[in-house]
1. Considering only the range B:88-167, give the helices (runs of 4 or more DSSP H) lying wholly within it that have at least 3 residues that are modelled with pLDDT of 80 or more and either surrounded by fewer than 17 Cβ atoms within 10 Å (Cβ to Cβ) or among the aromatic types (Phe, Trp, Tyr) (or both).
2. Name the residues in the range B:55-66 that are over 25 Å from the mean Cα position of the chain (by Cα) and modelled with pLDDT of 75 or more, would you?
3. Need the failing condition index for residue B:107 against (1) of a type outside the set (Phe, Trp, Tyr); (2) within 8 Å of chain A (Cβ to nearest Cβ); (3) touching a helix residue (DSSP H, G or I) at 6+ places or on another chain (Cβ under 8 Å), just the number.
4. Determine which single condition residue A:183 fails, assuming it passes every other condition in (1) surrounded by 15 or more Cβ atoms within 10 Å (Cβ to Cβ); (2) away from chain B (no Cβ under 14 Å); (3) closer than 27 Å to residue A:34 by Cβ.
5. Look through the range A:154-180, keep the residues that are surrounded by 21 or more Cβ atoms within 10 Å (Cβ to Cβ) and out of contact with any Leu (no Cβ under 9 Å at 6 or more places or on another chain), and return whichever of them is nearest to the other protein chains (Cβ to nearest Cβ).
6. Being within 14 Å of another protein chain (Cβ to nearest Cβ) and assigned to a helix (DSSP H, G or I) is the filter here; which residues of the range A:82-103 pass it?
7. Could you identify the single residue in A:221, A:263, A:213 that is over 22 Å from residue A:155 (Cβ atoms), away from every other protein chain (no Cβ under 14 Å) and not in a helix (DSSP H, G or I)?
8. Assuming residue B:121 fulfils every condition listed in (1) at positive phi; (2) at the interface with another protein chain (Cβ under 7 Å from one of its Cβ atoms); (3) in contact with a Gly (Cβ under 6 Å, 6 or more places away or on another chain) apart from one, which condition is it?
Amino acid sequence: MNVAPAAPELKEVRGPSALGGGTRRFWDLLWLISVTEFKRTYFGTVLGYFWSLLRPLILFGVLLFVFTKIFRLGSTVPNYPVMLLFNIVVFGFFQESTVSAVASVVNQEGIVRKTQFPRLVIPLSIVLTGLMNLGLNMIAVFAFILLYGVDPTWSWLLLPVIIAVLLVLTIALAMLLSALYVRFRDVLIIWTVAATVLFYATPILYPIEIPGLSTGIRTALHVNPLTPIFEQARVWIVDPTAPGAIEAAGSVKGLIAPIAIYLGICGLAWWVFKREAPRVAEAL
Amino acid sequence: MRVEDVAVATAAHPEAAEPPLDAPTVIEVRDLVKRFEIPTHRVDSIKERAMHPFARPETRSLIALDGVSFDVKRGEFFGIVGRNGTGKSTLLKILASIYRADSGRIRMAGRLAPFIELGVGFNNELTARENVVLNGVMTGLRRDEAEARLDAVLEFAELEEFVDLKLKNYSSGMLVRLAFSVMIQSDAEILVIDEVLAVGDAAFQQKCKDVFVEMRDSERTVVLVTHDMTAVEQFCQRAMLLDHGRIEALGEPDEVARRYLRLNFERPPAASEDGAAEGPATADVRVVDAWLAKPGGERTANVEQGDRIEIHAVLEARRDVPGPSFGVTIANADGVEVTGFGAIVGLAGRPEDHFGAGEQMHVTGVLDNRLAPGRYVVGCWVHRDHTYADLVLHVAHMLDFVVYGTHHMGGVVSLVEEASVVKVEQPGP
């Protein structure tokens with residue numbers, strides 16, 4: 001008891017940052033916040049989990065009706081309902097995570113201004129909660145896929161690769177948007193609209209090889225970094241005869257643009273967030 | 001005089017309360033500068049930015065901290081005081097890594113847990129159990145550590161039965177107890193606490209005080225930011241006074257507290273700057289001048305507790321006031337009339353019996369100042385015809401002043417000269 005403690009070592013205090021406070025603490029916080037948020041969504045309401053599944057299911061039902069009964073597009077694409085449901089659920093994760101991340105840092109003002117808190121945890125926890133959601137929804141999606149009669153293939157095991165690639169982009173956008181929102185409050189409106197545009201500018205409702213597209217639209221589709229992700233998912237999960245990312249892009253060269261944009265967004269997001277993180281508390 | 005302090009000193013180890021001067025430094029702050037750019041016109045949207053892409057947003061600079069340097073030793077209970085807007089909170093937030101300093105250096109040994117507000121990050125939708133763990137991790141614990149201390153937290157807060165109740169169903173008193181308990185159960189080496197004593201009921205405040213005394217006498221390093229000079233004198237081993245971003249005083253808590261109170265109160269309060277309120281224009285008598293004076297007659301705006309004071313008023317009659325009587329009242333901030341003086345000065349036949357138009361009277365009261373610290377308002381009235389019925393002047397707020405001091409044990413006046421507590425020796429059998 002009476003051992004005199006050694007003279008403590010003084011360490012430089014560097015102030016707030018994106019990651020500050022140590023790795024262990026970072027992951028603890030991230031995990032705890034995501035899990036509590038997830039639990040809150042599912043144990044807060046009577047129907048809990050089903051509500052979160054209901055939204056994509058209703059959207060799926062409407063779109064399926066429109067594109068098989070009215071436009072007849074669905075009947076020309078193999079396993080169209082499976083593709084549609086899978087795409088809607090996956091895109092739903094991307095859309096919901098990024099949109100709710102936009103205002104997240106500002107909404108957590110109380111925490112940001114009053115505790116030592118690694119800023120990055122905030123948008124990241126939103127995405128992680130979304131990912132847990134996606135995991136649950138995927139169970140329902142695969143149940144549907146099997147019921148529909150799609151034969152399981154080994155390539156199903158590659159699903160985590162698809163999700164991982166999408167996850168990185170989602171995180172990058174969540175970081176970028178939440179940091180920008182601190183300064184510019186119209187980011188939320190812009191992104192809400194942009195996400196809807198992206199829904200139609202990504203092969204979700206239709207396959208990439210759909211005929212009758214103008215060159216301009218086709219170029220836009222090919223530049224969209226989400227396109228190769230969804231196309232690769234289609235060939236691995238839904239329809240082994242589908243073209244896949246490379247074939248859809250024409251050649252490996254065709255993938256350069258979307259990959260460059262993908263990496264550009266990630267780099268920009270990291271740079272902006274790191275730059276803004278120390279000032280967030282003051283700007284609020 | 002200070003019953004409570006006597007009690008504390010006997011209960012604790014007197015030697016532990018001494019500032020540990022030879023202890024190692026745990027917080028080292030050097031030349032800290034923090035400036036805030038306050039935009040005069042805030043650019044909040046992209047449209048505004050797009051329309052004026054090269055216009056630098058107009059800002060004015062506000063220096064919150066202007067070269068602050070100090071050390072805190074291990075085990076010290078260190079107080080930071082200062083008026084609002086003098087940089088206390090900014091300093092605290094920089095220490096807590098919430099703001100970044102513009103220049104200067106901070107070095108620290110060990111983990112710091114900030115308590116800027118009670119119950120930061122408490123989520124009403126979650127149970128107490130979940131919140132305690134979450135809050136623990138937020139203030140720097142590992143998850144398993146946060147879970148391990150749950151019982152201790154709930155026990156101190158006396159909320160064991162409500163562990164699975166959502167916070168939205170808690171009363172505000174329960175919330176405060178839980179939040180405070182979370183704070184004191186933090187095992188960080190350095191605690192930074194901002195003004196939290198002012199919450200909760202009396203019993204809980206007493207508990208907080210006990211905890212602070214315990215912290216003061218333990219190895220814990222505590223930095224307390226407060227307005228409460230009693231707390232500074234009672235708990236702190238050293239204190240620092242900030243004014244306009246600079247260190248105004250650093251050292252003995254009672255000296256720092258006195259400097260703070262002087263700084264706060266010696267400037268004349270706004271209300272009396274333009275002289276005394278002279279009363280309604282229709283009244284027969286008006287107040288020409290009214291002031292507070294030290295013994296000997298030197299005018300002063302405020303007074304230190306215990307110093308004798310004189311209250312002066314010069315009144316002028318607009319019309320003849322036969323048989324005048326004069327009164328002065330002193331009321332405290334709650335409107336309670338604490339004391340007063342006055343007299344029917346004009347007994348028949350004396351020159352004062354007649355207050356003729358254009359004449360002036362000088363009313364003086366000399367007070368043995370036993371007023372408790374606080375703000376006081378001096379009022380004045382004048383009657384005529386030797387009765388209290390015929391009011392010719394009534395000014396409720398002729399003058400105000402502040403009694404400053406720290407020896408306040410409650411009540412509106414301090415009448416106790418001496419207090420002591422001595423153990424009664426039991427006679428042998």
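The values are calculated or read from the model by the stated rules, or taken from the named source; none is laboratory data. For clarity, every value in this text was computed on a predicted model and none was experimentally measured. We place every Cβ from the backbone using ideal geometry, glycine too, and count neighbours over all the protein chains shown.
1. Filter on the range B:88-167 gives B:143-148, B:150-157.
2. We begin by selecting, within the range B:55-66, every residue over 25 Å from the mean Cα position of the chain (by Cα); these are B:55-61.
The one that is over 25 Å from the mean Cα position of the chain (by Cα) and modelled with pLDDT of 75 or more: B:61.
3. The number of the failed condition is (3).
4. Of everything listed in (1) surrounded by 15 or more Cβ atoms within 10 Å (Cβ to Cβ); (2) away from chain B (no Cβ under 14 Å); (3) closer than 27 Å to residue A:34 by Cβ, residue A:183 misses just condition (2).
5. A:180
6. A:102
7. Details: A:221 fails: not in a helix (DSSP H, G or I); A:263 fails: not in a helix (DSSP H, G or I).
Selected residue: A:213, the only one of A:221, A:263, A:213 that is over 22 Å from residue A:155 (Cβ atoms), away from every other protein chain (no Cβ under 14 Å) and not in a helix (DSSP H, G or I).
8. (3)
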